[in-house]
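A.B. asks: Before I ask anything, let me first share the structure, which is written out below as structure tokens.
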There are 2 protein chains.
Amino acid sequence: MGKKKDKDKKRRKGRSVPEPVAAAEPTPSAAGNGPSFDGDLSALLRVRPGTSLASVDADSTPGFASGDKEAGRAALAAMDEELSDLQERLYAQGRAGGNRRLLLVLQGMDTSGKGGVMRGVVDLMDPQGVVITAFKAPTEQEQQHDFLWRIERALPGPGLVGVFDRSHYEDVLIGRARRLADEVELDRRHQSINGFEQDLVDSGCVLVKCILHISKDEQKQRLLDRLADPTKHWKYNPGDVDERALWEDYQRAYDLVLERNSTPAAPFHVVPANAKWYRNWAITRILLEHLRAMDLRWPEADFNVHAEMARVQAS
Amino acid sequence: MGKKKDKDKKRRKGRSVPEPVAAAEPTPSAAGNGPSFDGDLSALLRVRPGTSLASVDADSTPGFASGDKEAGRAALAAMDEELSDLQERLYAQGRAGGNRRLLLVLQGMDTSGKGGVMRGVVDLMDPQGVVITAFKAPTEQEQQHDFLWRIERALPGPGLVGVFDRSHYEDVLIGRARRLADEVELDRRHQSINGFEQDLVDSGCVLVKCILHISKDEQKQRLLDRLADPTKHWKYNPGDVDERALWEDYQRAYDLVLERNSTPAAPFHVVPANAKWYRNWAITRILLEHLRAMDLRWPEADFNVHAEMARVQAS
């Protein structure tokens, strides 16, 4: 939760949806063409063999190197109409018996901006079609089950966009950083996740996994900002500093996640997140690219339109 | 789901919240002072003894008689900042151990605009703090329980705003209009609802019950609009015309709800809803008035702020 950002919603009624932009081959030069970027950002930020968090500059703005905060917000607003339209098509398909869904998994250190993505990105979509789940420390009931039990219960239904604020990845991240599980168990979990995610994708769910990547210095500043503002004290937890002391352990745990759980079916994207405007633009863009790829069409009427018009007229 | 409307979100960061507006005594003359209306709209639209749906003009715009669509949208946008701020305070209290919640119950005939309220009003709030539940025909599992079972399971947790798209009132409305239950059972349900709602309010939940009131002609036009637009066919169900044939039965069932279930603890508001802009303005205003009355304060820090600043600085 937090203060809302500027947002302009265009009136979409009666407008046609922009044609999907052809995805360019991702190349290093794709970074730098500013707000008119029309390449494949998902490919640009997708984890490759050998990607570690340290190899990604948290201050960088790939695909937007010549832009700034205002340009970023304008570019985000420019995607709103198409994003809303595609989400509505997905929802409509779900209502018409389709089985497709999309699940956005957000991971990141404390203060990395998961809540900011909810307000700046998720809020662009119709709330009726979105189901947000924030995963906290497991409850007693949840602890009595396998770690994926609570995840399966929170998966989005047909036509919905699910958003996970933290996820099953906590069970390998915290498990490793705080040494809550041994290596054998952690191995089992890494493998178990891959099987689970493959099944999920096979069942019609598009999985979009993003790590919001901030630097240790940025986290310090954000924690200090929270402490300096009485209206943000409720967001601060002294335990955050204890977690921060394990920063390097967490970074190593993330790197192992990138190595073991970024799969062809469900790749990870590392989103540089020191710049909040970039983070929101990038997540929106990645979502949009995945929705476009789903080739979402309006469901056909399963009734006789003219006959129904006559029935309504006569009623 | 549907097309999104214009929406301007002001950047609230660093701004103070406007002072609560003193509620004027609701009088007939409160209607008509346009967008600068500063009376108590909740009181103005609240059901009184003898109120029937037929006694409320669905085209009317109480509290806004001199306004129009553009003025309505501007007046709605002007409430966004305060609404977001109060919702965040409620959420913060919930995180800090508080037990208060708010539940918005939306009832209305097909096409009355419940979905429009989700997009135009509920979407003003941070999605992390909102839980929407749409109640459809009861599932087999739900039918094995008392009609309030599924309602209780969907109640918002501490700090959250729950929104019901249809509700337990369907069990007296459909039950009566379609003659699915006899008078003894319907009586039991009316009474059962009052006890349930009183307990809910006593437990710290503010209940805001609204009926979106459209005319039969307006419904016809909206159904025809859906049939005329292939991107809206998925919203149309031939069964809607069968329900429409029972219009008068439903109106009578609603009137009995107003008579029996508009209580001091949980009164109903009848919101004229032929004008979509008015409907959204009115619901937002009613929500805002109820949140203001909760006197929501930021939770106090339960840690030593200066000691924590030093810990973060040293980390």
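The values are calculated or read from the model by the stated rules, or taken from the named source; none is laboratory data. Given the structure is predicted, the values throughout are model-derived calculations rather than measurements. Every residue, glycine among them, receives a Cβ derived from its backbone with ideal geometry; neighbour counts consider all protein chains shown. Ligands, DNA and RNA are excluded from the accessible area calculation, which covers all protein heavy atoms including side chains. Shrake-Rupley method; radii C 1.70, N 1.55, O 1.52, S 1.80 Å.
A.B. asks: Just to confirm, what accessible area per residue do you get for the protein assembly as shown at 1.4 Å probe, in whole Å²?
C.D. replies: 42
A.B. asks: To continue, here is another question. Kindly identify segment A:34-155 as rounded, prolate or oblate by the Cα gyration tensor criterion: order the square roots of the eigenvalues as a ≥ b ≥ c, call it rounded if a/c is under 1.5, otherwise compare a/b with b/c, prolate if a/b is larger, else oblate.
C.D. replies: It is oblate, given that a/c is not under 1.5 and a/b is not larger than b/c.
A.B. asks: Place the label 7 angstrom along Cα→C-beta at A:ALA96 and in each other copy, then list the distances from the first to the rest in nm, shortest first.
C.D. replies: Distances to the matching label points in the other copies: 4.9 nm.
A.B. asks: Rounded to the nearest percent, how much of the accessible area of the protein assembly as shown (1.4 Å probe, protein heavy atoms only) is carbon and sulfur?
C.D. replies: The nonpolar share, carbon plus sulfur, comes to 49 percent.
A.B. asks: Using 0.36 nm per residue, how much length does the chain from B:ASP38 to B:ALA245 gain when fully extended, once their Cα-Cα distance is taken away?
C.D. replies: Values: separation 207, 0.36 × 207 = 74.52 nm, distance 3.99 nm.
This chain segment gains 70.5 nm when fully extended.
A.B. asks: Once amide H atoms are built 1.01 Å from N in the peptide plane, which residues 5 or more positions from B:ALA134, or in another chain, come under 5 Å H to H?
C.D. replies: B:ASP165
A.B. asks: Kindly give the distances from A:ALA134 to its copy-mates, label point to label point, with each label point 7 Å from Cα along Cα→Cβ, as nm values to one decimal ordered shortest first.
C.D. replies: 2.5
A.B. asks: For segment A:217-315, what does the alpha-carbon gyration tensor say about shape, rounded, prolate or oblate, given a ≥ b ≥ c as the root eigenvalues, a/c under 1.5 as rounded, and a/b over b/c as prolate?
C.D. replies: Here segment A:217-315 falls in the prolate category.
A.B. asks: In degrees between 0 and 90, to the nearest 10, how far off the longest principal axis of chain B does helix B:305-314 point, with axes built from Cα atoms?
C.D. replies: Roughly 70 degrees between the two axes.
A.B. asks: Separate question: What FRET efficiency do you get for A:GLU259 and A:GLU142 if R0 is 25 Å and r is their Cβ-Cβ distance, rounded to the nearest 0.05?
C.D. replies: 0.40
A.B. asks: Give, as a single signed number, the net charge of other residues whose beta carbon lies under 11 Å from the beta carbon of B:SER203, with Lys and Arg counted +1 and Asp and Glu -1.
C.D. replies: The answer is -1.
A.B. asks: Would you work out if the protein assembly as shown is rounded, prolate or oblate? Take a ≥ b ≥ c from the square roots of the eigenvalues of the alpha-carbon gyration tensor; rounded if a/c is under 1.5, else prolate when a/b is larger than b/c, oblate otherwise.
C.D. replies: prolate
A.B. asks: Shifting gears a bit: What residues qualify as long-range amide H neighbours of B:VAL206, i.e. H under 5 Å apart, gap of 5 or more or another chain, H built at 1.01 Å from N?
C.D. replies: The answer is B:ARG101, B:LEU102, B:LEU103.
A.B. asks: Let me ask something else about it. Using +1 on the beta carbon of Lys and Arg, -1 on that of Asp and Glu, and nothing else charged, what's the dipole of segment A:5-314 about the Cα centre, debye to 20?
C.D. replies: 800
A.B. asks: Using label points projected 7 Å from each Cα along Cα→Cβ, tell me how many nm separate B:LEU224 and A:THR231, to one decimal.
C.D. replies: Taking the simple label geometry, B:LEU224 and A:THR231 are separated by 4.8 nm.
A.B. asks: Convex hull over the Cα atoms of segment B:106-248, averaged projected area in nm²?
C.D. replies: Quarter of the Cα hull surface area: 9.9 nm².
A.B. asks: Then there's this: With +1 assigned to the C-beta of every Lys and Arg and -1 to the C-beta of every Asp and Glu, and no other charges, what is the dipole magnitude of the protein assembly as shown about the Cα centre in debye, to the nearest 20?
C.D. replies: Computed charge dipole of the protein assembly as shown: roughly 1080 debye.
A.B. asks: Here is a further query. Considering only DSSP beta bridges with both partners in segment B:5-314, what is the antiparallel share in %, to the nearest 5?
C.D. replies: If I count the DSSP bridges inside segment B:5-314, around 5 percent turn out antiparallel.
A.B. asks: Right, next: Taking the Kirkwood radius as the inverse of the mean 1/r across Cα pairs, report the Rg/Rh of chain A.
C.D. replies: 0.99
A.B. asks: Nearest 100 Å² is fine: what is the total accessible surface buried where chains B and A meet, probe 1.4 Å?
C.D. replies: 6000
A.B. asks: Report, in deg cm²/dmol and to the nearest 500, the calculated mean residue ellipticity at 222 nm for the protein assembly as shown, where each DSSP H run with n ≥ 4 adds -39500 (n - 2.57) and the sum is divided by the residue count.
C.D. replies: -13500 deg cm²/dmol
A.B. asks: Would you work out the relative contact order for chain A, in percent, from Cα pairs under 8 angstrom that are 6 or more residues apart? Don't jump to the answer; show the numbers that get you there.
C.D. replies: On the way: 446 pairs, mean separation 88.0, N = 315.
Averaging sequence separation for qualifying contacts and normalising by length gives 28 percent for chain A.
A.B. asks: Give me Rg/Rg_expected for segment B:125-206, where Rg uses Cα atoms only and Rg_expected = 2.2 N^0.38 Å with N residues.
C.D. replies: After normalising by residue count via 2.2 N^0.38 Å, the value is 1.17.
A.B. asks: A further question follows. 7 Å along Cα→Cβ for the label point: how many nanometres lie between A:ASP57 and each equivalent label in the other copies, listed shortest first?
C.D. replies: 6.5
A.B. asks: Checking the table B:LYS136/B:LYS220; A:LYS69/B:LYS69; A:LYS276/B:LYS114; A:LYS114/B:LYS69 against a 25 Å threshold on Cα-Cα, which pairs fail?
C.D. replies: In this structure, A:LYS69/B:LYS69; A:LYS276/B:LYS114; A:LYS114/B:LYS69 exceed 25 Å between Cα atoms.
A.B. asks: What per residue convex hull volume, in Å³, comes out for segment A:56-116 when only alpha-carbon positions are used?
C.D. replies: Value for segment A:56-116: 134 Å³ per residue.
A.B. asks: Same structure again: Once phi is turned into ³J(HN,Hα) by the Karplus curve 6.51 cos²θ - 1.76 cosθ + 1.60 with θ = phi - 60°, what whole-Hz value does each residue of segment A:127-137 show in order, with x for glycine and proline?
C.D. replies: x, 5, x, 10, 10, 9, 10, 9, 9, 9, 4
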